[in-house]
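Note sheet for the following structure.
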Amino acid sequence: MKNQSVKKNIDWICIIIYSLLVIMGWLNIYSSSLSSMEETSSKQLVFIILTIPLIFVLLFVDGKVYEKYASVIYIIGLISLAGLFVLGKTIKGQANWYSFGSFGIQPSEFVKSATALALAKYLSDTQINLKNTNRQLQVLSILGLPILLIVFHDPGSALIYCFLIVVLYREGLPAWYIWTGFIAILLFVLTLVLEPEYVILISLLAIIIVYLKSRLADRNIIASSIIFVLISGFVLSVDYVFDNVFKQHHRDRFNILLGKAVDLKGIGYNTNQSEIAIGSGGLFGKGFLEGTQTKGGFVPEQHTDYIFTTVGEEWGFVGSVVVVALFVTLLLRLIYLAERQKTKFSRVYGYCTAAILFIHFFVNIAMVIGIFPTIGVPLPFFSYGGSGLWGFTILLFIFLKMDANKVNEW
């Protein structure tokens, strides 16, 4: 009876968009892999075929199972990440893979779903109030543990997890967490562009303006002074962190993005070639399999993180807009579905799904067109790789299962 309910109530709009994105992704992988001897498109086709039984399993499992075993799934996910420090295989400078012969699995792609389930499980407790400091620390620790285990291997994936704080804000986390993160990023970038003393001076002026514009009852010179001291300490530490914590290729990418260095043949080669490829596509593109940059293999890793360059060159501006529109429609649909859930667990998980897909989509395209540093974030359902495709599929279809079963929720 429940399976009949799933067939009847599953959101076919999401499934159709998902299918279109996967098919379009494979076509672009096929085109981008013609210039190499690798059978990339054939492998991706196998991954896609194996996704079909995976979807049936996800939809067959009772939706309550995901909620009941959310904590267990999360713990298994953390163990898989911790195991990388001992058993991880280094690929392209990152030890974030388990290798089984010629087959590799990237656990961070699957732990996204596990973390989303854990957050949904914790926040669905009727006693949870995120205005309480202890509750804030607890929920942030759920989010922080996978970040700490991932950041040393894959900083790009760690960024994805950080964005889930937006979901926590939706569920009652005080806004100052969001503002603190935004201001920290802004100060970090400003300090890389300007001298630290200028950034501190700008910060002081901003604090004075906010202080003077506040109501008399809200003015607190001690709190304002503490904030200024903290900001000054942060600004003065940026250069040390940038020079001693960041790896050289991270520093190079930031310097190129901020215009402090030009290296079109080295670290900036990928971005420069991707911009050339996308720009050469014009309005309607050069046509499927007709991209000269793509066929010439000028863009490294084009079938993975830079897959959108094939879209821009061969399908042009119009084709790129279609792909972006499909992603935006899927994201808006997921938000709509999340809002109509009858349980808090399903709603929170739905928002986590939308948040993870959005930050992947946004960062990847921003990276490809040169307005964000290259950090190795794949484009969902498009980029080559079994772990990525299966991870995003699991993330999405767990929620679609929950949504299909909402008619049975009370």
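Can you say whether F345 is under 11 Å from the mean Cα position of the chain (by Cα) and on the phi < 0 side of the Ramachandran plot, as far as the supplied structure shows?
Details: under 11 Å from the mean Cα position of the chain (by Cα): no; on the phi < 0 side of the Ramachandran plot: yes.
When the stated conditions are applied, F345 does not pass them.
What pairs come up if the first residue lies in segment 199-228 and is over 14 Å from I183 (Cα atoms), the second is of a type outside the set (S, T, Y) and surrounded by 14 or more Cβ atoms within 10 Å (Cβ to Cβ), and their beta carbons are under 7 Å apart, counting only those six or more places apart or on different chains?
Between residues of segment 199-228 that are over 14 Å from I183 (Cα atoms) and residues that are of a type outside the set (S, T, Y) and surrounded by 14 or more Cβ atoms within 10 Å (Cβ to Cβ), the close pairs are S224/I207.
Residues that are crowded, with 18+ Cβ neighbours inside 10 Å and touching a Gly at 6+ places or on another chain (Cβ under 6 Å): find the helices (runs of 4 or more DSSP H) completely inside segment 288-382 holding 3 or more of those.
Where helices (runs of 4 or more DSSP H) fall fully within segment 288-382 and carry at least 3 residues being crowded, with 18+ Cβ neighbours inside 10 Å and touching a Gly at 6+ places or on another chain (Cβ under 6 Å), they are 316-339.
Kindly indicate whether V151 is within 29 Å of T374 (Cα to Cα) and open to solvent by less than 10 Å² (accessible area, probe 1.4 Å). I'd like the intermediate steps shown before the answer.
Details: within 29 Å of T374 (Cα to Cα): yes; open to solvent by less than 10 Å² (accessible area, probe 1.4 Å): no.
It is false that V151 is within 29 Å of T374 (Cα to Cα) and open to solvent by less than 10 Å² (accessible area, probe 1.4 Å).
For segment 227-262, enumerate the residues that are modelled with pLDDT under 75 and loosely packed, with under 14 Cβ neighbours inside 10 Å.
V245, K247, Q248, H249, L258, G259, K260, V262
What are the pairs, 6+ residues apart or on separate chains, where a residue within segment 361-387 that is without any contact (Cβ under 8 Å) to a residue 40 or more places away in the chain has its Cβ under 8 Å from a residue that is open to solvent by 20 Å² or more (accessible area, probe 1.4 Å) and assigned to a loop (DSSP other than H, G, I, E, B)?
Hits for this filter: A366/F372.
Six or more apart or on different chains, Cβ under 6 Å: which pairs go from a residue in segment 114-131 that's of a type in the set (A, V, I, L, M, F, W, C) to one that's modelled with pLDDT of 85 or more and outside any helix (DSSP H, G or I)? Could you list them?
L123/E171; L130/G172; L130/L173
Filter segment 278-287 for residues that are in a loop (DSSP other than H, G, I, E, B), over 10 Å from G319 (Cβ atoms) and open to solvent by 50 Å² or more (accessible area, probe 1.4 Å) and give the result.
Residue satisfying the conditions is K286 alone.
May I ask you to list pairs of residues, at least six apart or on different chains, whose Cβ atoms are under 6 Å apart, with the first in segment 62-78 being on the phi < 0 side of the Ramachandran plot and in contact (Cβ under 8 Å) with a residue 12 or more places away in the chain and the second being open to solvent by 90 Å² or more (accessible area, probe 1.4 Å) and not in a helix (DSSP H, G or I)?
Correct list of pairs: empty, since none qualify.
Does segment 133-147 hold any residues that are among the aliphatic types (A, V, I, L, M) and loosely packed, with under 14 Cβ neighbours inside 10 Å, and which are they?
If the condition is that a residue be among the aliphatic types (A, V, I, L, M) and loosely packed, with under 14 Cβ neighbours inside 10 Å, then L137 is the only one that fits.
Would you confirm, using the coordinates I've provided, whether G156 is open to solvent by 60 Å² or more (accessible area, probe 1.4 Å), under 23 Å from W390 (Cα atoms) and among the small types (G, A, S)? Full working, then the answer.
On the way: open to solvent by 60 Å² or more (accessible area, probe 1.4 Å): no; under 23 Å from W390 (Cα atoms): yes; among the small types (G, A, S): yes.
No; evaluated as a whole, the condition is false for this residue.
Checking L58 against (1) touching a Leu at 6+ places or on another chain (Cβ under 7 Å); (2) under 25 Å from L331 (Cβ atoms); (3) in contact (Cβ under 8 Å) with a residue 24 or more places away in the chain, only one condition comes out false. Which one?
(1)
Looking at segment 206-226 only, could you name the residues that are of a type in the set (S, T, N, Q) and at pLDDT 85 or above?
S224, S225
From the list V46, V111, V86, V22, pick out the single residue that is at pLDDT 90 or above, in a helix (DSSP H, G or I) and open to solvent by 30 Å² or more (accessible area, probe 1.4 Å). Let's see the steps before the verdict.
Numbers: V111 fails: open to solvent by 30 Å² or more (accessible area, probe 1.4 Å); V86 fails: at pLDDT 90 or above; V22 fails: open to solvent by 30 Å² or more (accessible area, probe 1.4 Å).
Within the list V46, V111, V86, V22, the selection yields V46.
Tell me, yes or no, whether segment 164-178 has at least one residue that is hydrophobic (A, V, I, L, M, F, W, C), open to solvent by less than 90 Å² (accessible area, probe 1.4 Å), over 18 Å from L119 (Cα atoms) and out of contact with any Phe, Trp or Tyr (no Cβ under 8 Å at 6 or more places or on another chain).
Among the residues of segment 164-178, not one is hydrophobic (A, V, I, L, M, F, W, C), open to solvent by less than 90 Å² (accessible area, probe 1.4 Å), over 18 Å from L119 (Cα atoms) and out of contact with any Phe, Trp or Tyr (no Cβ under 8 Å at 6 or more places or on another chain), which makes the answer no.
Just a yes or no: is a residue in segment 170-184 in contact with a helix residue (DSSP H, G or I) (Cβ under 9 Å, 6 or more places away or on another chain), farther than 26 Å from I335 by Cα and not polar (S, T, N, Q)?
Going residue by residue through segment 170-184, those that are in contact with a helix residue (DSSP H, G or I) (Cβ under 9 Å, 6 or more places away or on another chain) are 170-175, 177-178, 181, 183-184.
If we keep only those that are farther than 26 Å from I335 by Cα as well, we get 183-184.
Those still in the list that are not polar (S, T, N, Q) too: 183-184.
For segment 170-184, residues in contact with a helix residue (DSSP H, G or I) (Cβ under 9 Å, 6 or more places away or on another chain), farther than 26 Å from I335 by Cα and not polar (S, T, N, Q): present.
Filter segment 54-69 for residues that are part of a helix (DSSP H, G or I) and either open to solvent by 70 Å² or more (accessible area, probe 1.4 Å) or modelled with pLDDT under 90 (or both) and give the result. Reasoning before the result, please.
Step one: of segment 54-69, the residues part of a helix (DSSP H, G or I) are 54-60, 63-68.
Listed by number, the residues that qualify are F56, V57, F60, G63, K64, K68.
The values are calculated or read from the model by the stated rules, or taken from the named source; none is laboratory data. Quantities reported herein were computed from a predicted structural model and do not represent experimental measurements. Because the Cβ atoms are built from the backbone with ideal geometry, glycine has one as well, and the counts that use them run over all protein chains shown. Surface areas here come from the heavy atoms of the whole protein model, side chains and all, with no ligands, DNA or RNA. Shrake-Rupley method; radii C 1.70, N 1.55, O 1.52, S 1.80 Å.
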